[in-house]
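A short write-up of the structure that comes next.
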Amino acid sequence: MEPDKDIHHTDSLALNKVLPDIFYKVDILVIGAGQAGLSAAYHLKREGIKPGKGFVVLDDEFGPGGAWQHRWDSLTLSNVNGINDLPGMGFADAVNTKDKELQANIAIPKYYEQYEKTFELPVIRPVRVSEVTERNERFIIRTNGIQFSARGLINATGTWKTPNCPRYPGWEKFQGRQLHTGEYKNAGEFAGKHVIIVGGGISAIQLLGEVSEVTQTTWVTRRPPDFRKYEFTPELGHEAVAMVEKRVRAGLPPDSVVSVTGLPITPAIEKMLKKGVLDRKPMFEEITATGVRWADGTILDADVIFWNTGFRHSLDHLAPLKLMNDKGGIEMTGRLATQVAKDPRIHLTGYGPSASTIGANRAGRAAAKELIEFLKL
């Protein structure tokens, strides 16, 4: 294979054997094949950018599905929090949506796989991007496979690979098990154990409900939960996204959507409140060998500490570009705040307002169109 030939649905490791130490040049490189990355790829192709030399998508998974393939088994079509149709092809076109007990970690990867095939998107996997630098007005993308050079970047790496797990004093002393949301499979593994669940977001409450059905739980959060009696509507979702967008345009770190919307009291939450499962305790001060200790000296023994404390944006590979400011954020611009103000050749989809399923599709479209225009392709 010659360096100027198109790359299309090819194993990156095989390519690396053929083209060692050669940078494959593309106009636009998309990093990540989750919802935002696939949306961007669809719109790049629709706008006439050719797969291969025009653009490629790098994905560090072994198969399609993005973070969805790693979600817990009990997350089904009946309780999943939002599945947005990708542009050009509906979820129902690939999956039997009437089967509400179908696991999300099976159904959505199947949808993404069909989507990639239908539109012949140039996704190359598994490729992990380790570092992005700049040389001669081009981006140099270092990976565990073939190396790339690009004029523009659409970063769609999301958050799933960078769990936020605060290391409280005594972390290393704990003799039980500690895990994060991303490692959870099902509640059965906790049967007969006392589980401390840490976190005040939607996932924390959902998993608290599941685990409390099979064993004893203690719920701990940094701030009192903000329960609100209202129905979460698409309009409220867009309003929350707009507030997050305002922050990133000012160069501030993005807040989570939940911090803006609060927690609507759904029938499931109402049931948990009545059962006393949501008897929240303040954050402990220290982890001990057998449990946790609060500031007032109260001690609680436990077998498991389950951290549902969210995720950080997966942007470490972009660190050499020095995009982050002294506020701890990245100033964003563009129609949907996907464009990095410091370097308009870079778009971040899945960052800030586009981190939710509500904004990911639109962000992919905006990033593709704006980058094509800026690069004059």
task: Kindly give the semi-axes, whole Å and largest first, of the ellipsoid equivalent to segment 165-255, taking each as the square root of 5 times a Cα gyration tensor eigenvalue.
output: 31, 19, 11
- prompt: Over the chain, what per residue volume does the convex hull of the Cα atoms give, in whole Å³?
  reply: 152 Å³
message: For a quick check: sort ILE108, ILE346, ILE269 by the number of other beta carbons within 10 angstrom, fewest at the front.
response: ILE269, ILE346, ILE108
The chain: angle of helix 234-249 to the longest principal axis, Cα-based, in degrees nearest 10: 70 degrees
query: Given 4 °C and 1.567 mPa s, how large is the Stokes-Einstein diffusion coefficient of segment 289-364 in µm²/s, with Rh as the Kirkwood radius over Cα pairs?
result: 84 µm²/s
task: Just flag the trypsin sites (Lys or Arg not before Pro) in segment 173-244 sitting in loop per DSSP whose Cβ has no more than 13 other Cβ atoms within 10 Å.
output: LYS185, ARG222, LYS229
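Which of ARG71, ARG249, ARG223, ARG280 comes first, and how do the rest follow, when ranked by fewest Cβ neighbours within 10 Å?
Ascending Cβ contact count within 10 Å gives the list ARG223, ARG280, ARG249, ARG71.
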- request: Taking the Cα atoms of segment 140-213, report the difference between the largest and smallest coordinate on each principal axis, in whole Å and largest first.
  value: 54, 28, 22
- request: Could you tell me how many degrees, from 0 to 90 and to the nearest 10, lie between the Cα long axis of helix 35-46 and the main elongation axis, the longest principal axis, of the Cα atoms of the chain?
  value: 20 degrees
- request: Note the angle between two axes, namely the Cα long axis of helix 202-212 and the longest principal axis of the Cα atoms of the chain, as a number of degrees from 0 to 90, rounded to the nearest 10.
  value: 50 degrees
Over the chain: helical MRE at 222 nm, DSSP H runs n ≥ 4 each giving -39500 (n - 2.57), nearest 500: -7500 deg cm²/dmol
field: Gain on full stretching of the segment that runs from LEU273 to ARG222 - 0.36 nm per residue minus C-alpha separation
entry: 16.5 nm
message: Between segment 141-220 and segment 321-377, how far is it from one alpha carbon centroid to the other, in angstrom?
response: 26 Å
- line: If the label point sits 7 Å along Cα→Cβ of GLU134, residues of segment 331-363 with amide N under 13 Å come out as 340-347
task: Within the chain, what's the longest run with no chymotrypsin sites (Phe, Trp or Tyr not before Pro) in a DSSP loop and at most 15 other beta-carbon atoms within 10 Å? Give the range, please.
output: 63-229
- prompt: According to the Cα gyration tensor, what semi-axes, each the square root of 5 times an eigenvalue, does the equivalent ellipsoid of segment 39-147 have, listed from largest to smallest in whole Å?
  reply: 30, 17, 10
query: Using the 10 angstrom Cβ neighbour count as an exposure proxy, how do ILE305, ILE28, ILE22 rank, fewest first?
result: ILE22, ILE305, ILE28
- prompt: How big is the C-alpha Rg of segment 78-212 next to the rule-of-thumb value 2.2 N^0.38 Å, as a ratio?
  reply: 1.42
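All of the numbers you see were taken from the coordinates with simple rules; none came from a lab. Quantities reported herein were computed from a predicted structural model and do not represent experimental measurements. Note: ideal-geometry Cβ built from the backbone for every residue, glycine included; neighbour counts use all protein chains shown.
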